[in-house]
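Read through the structure below, which is laid out as structure tokens, and then see the notes.
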Amino acid sequence: NNVCFFEILNEEPLFLDVVTNPKILPYVDAMVHRPMLEQFAACFRWKGGITGVHAGHTPYQAINSYQVSEGRIYNNHLRVVYAMKDIGHGEGGIQVIPGTHKSNFRWEGGIHLLEMAPSVRELFVELPMKAGSALLFTHDVIHASVNESENVRRLLHTAYNYGLFSRGWLADHADYERLFDEAPEGTWLKYILRRPEYMDVIPKPELT
């Protein structure tokens, strides 16, 4: 009931414009230290499709978890999802427990929302979306989703990560190296797609 296409950047280069969306880049630049693209996918979820309850850290890890340092927020597991159609109540929208990205409690992930006790499930806040809108959230917040409707949930899923811990979904795909090689010099696309060995070699472009 869940299908994600992680190779879509190689098939449709127009999606590269989403990766460097000028309305989103200021947030990526402000929150992720030396950001790199970790993953990009088009995801579809039919009735019964579910993402188990999970988060990015168990417990807090200083180098790559949400943190505030010297007045600046660092969020080195930033997720940006775009709704390709309206996502209403019960249609697979992302659900979160607010504030849990700031916790340092160990917990076990992988539990399905529908298997949780009602008193626990009511802690989750469902986030509906309008077609064309974007939702930014830290992967460190406890989150999950389940589609209980007859409608197909359609999302574009983008993840940005601190470069040294990035490339989890991209490192083994040679075509992404091609996209990097083809990206114009001095652009955010070149910077976002850079390889870890180019972490500090390629300068970060100015935002326009």
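The values are calculated or read from the model by the stated rules, or taken from the named source; none is laboratory data. Since the model is a prediction, treat every value here as computed from it, not as a measurement. Every residue, glycine among them, receives a Cβ derived from its backbone with ideal geometry; neighbour counts consider all protein chains shown. Note: areas computed on protein heavy atoms with side chains; ligands, DNA, RNA excluded. Shrake-Rupley method; radii C 1.70, N 1.55, O 1.52, S 1.80 Å.
Restricting attention to region 10-52, which residues are assigned to a loop (DSSP other than H, G, I, E, B), under 26 Å from Glu91 (Cβ atoms) and either open to solvent by 20 Å² or more (accessible area, probe 1.4 Å) or of a type outside the set (A, V, I, L, M, F, W, C) (or both)? Steps first, please.
Step one: list which residues in region 10-52 are assigned to a loop (DSSP other than H, G, I, E, B), which gives 12, 20-24, 32-34, 46-49.
Narrowing further to those that are under 26 Å from Glu91 (Cβ atoms): 12, 21, 23-24, 46-49.
Scanning region 10-52 gives Glu12, Asn21, Lys23, Trp46, Lys47, Gly48, Gly49.
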Residue by residue through region 125-148, note down the ones that are open to solvent by 20 Å² or more (accessible area, probe 1.4 Å), assigned to a strand (DSSP E or B) and touching a residue at least 60 places away in the same chain (Cβ under 8 Å). Ala134, Leu136
So which of Trp107, Trp188 is at pLDDT 95 or above and of a type in the set (Phe, Trp, Tyr)? Trp188
